[in-house]
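Quick notes on the structure that follows.
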Amino acid sequence: MKRAFLYLICFVTFYSCNEKKEYSKKESIERNVEHLQKSIEWNNKRIQLVNKDTTLLVSSKDMLLIKEYLKYAIDEAEKVDTIVLNSVKDGYGNIYYNKYLKGMKMELKGIEEGNNKMSIDGQLKYDEFLKWINKNGL
């Protein structure tokens, strides 16, 4: 995931600010990078909480935090413009939306409804997103 940020930051750095159109593109990329980074930070906090214990049981206190972190991650993820991501790397915005964002939403819904299959399916979508990122060098 860090490579994705480096790639986006490099793209922004090399983009000229001399014309209004170019400046708005640079600004747009910077805002999207910020929301993407915040979403991933919240998601990582959630994952760390899930993985902190070796038992399969999660306390109710931790489950509330997991849902809260997941909601924050989704909120930030929804602010990312997939068109901008696709302009950086073809297919990036699509996989981001269909696997990362939809996966987190599915997982949250599964947790809230007590539907373990839905929650696991959401986790699998997230894993597919990570595989795509690793395969495509982001």
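A compact table of results
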{"quantity": "Counted residues, the range 29-45 - those being closer than 16 Å to Gly93 by Cα and either under 8 Å from the mean Cα position of the chain (by Cα) or surrounded by fewer than 18 Cβ atoms within 10 Å (Cβ to Cβ) (or both)", "calculated": "8"}
{"quantity": "Check on Leu101, within 12 Å of the chain's Cα centre (by Cα), modelled with pLDDT of 95 or more and not basic (Lys, Arg)", "calculated": "yes"}
{"quantity": "Residue that is nearest to the chain's Cα centre (by Cα) [pool: residues in the range 62-87 that are more than 13 Å from Leu36 (Cα to Cα) and buried (at least 19 other Cβ atoms within 10 Å of the Cβ)]", "calculated": "Leu70"}
{"quantity": "Filter result for Gly93 (open to solvent by 20 Å² or more (accessible area, probe 1.4 Å) and either more than 15 Å from the chain's Cα centre (by Cα) or closer than 19 Å to Lys38 by Cα (or both))", "calculated": "no"}
{"quantity": "One residue from Lys67, Lys135 being free of Cβ contacts under 8 Å to residues at least 12 places away in the same chain and on the phi < 0 side of the Ramachandran plot", "calculated": "Lys135"}
{"quantity": "Single residue of the range 109-137 satisfying the filter (open to solvent by 20 Å² or more (accessible area, probe 1.4 Å), under 21 Å from Glu76 (Cα atoms) and of a type outside the set (D, E, K, R)) that is farthest from the chain's Cα centre (by Cα)", "calculated": "Ile111"}
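The values are calculated or read from the model by the stated rules, or taken from the named source; none is laboratory data. Bear in mind the structure is a predicted one, so any value in this text is a computation, not a measurement. Heads up, the Cβs are rebuilt from the backbone with ideal geometry, glycines too, and the neighbour counts pull from every protein chain shown. Side chains included, ligands, DNA and RNA excluded: accessible areas come from the protein's heavy atoms. Shrake-Rupley method; radii C 1.70, N 1.55, O 1.52, S 1.80 Å.
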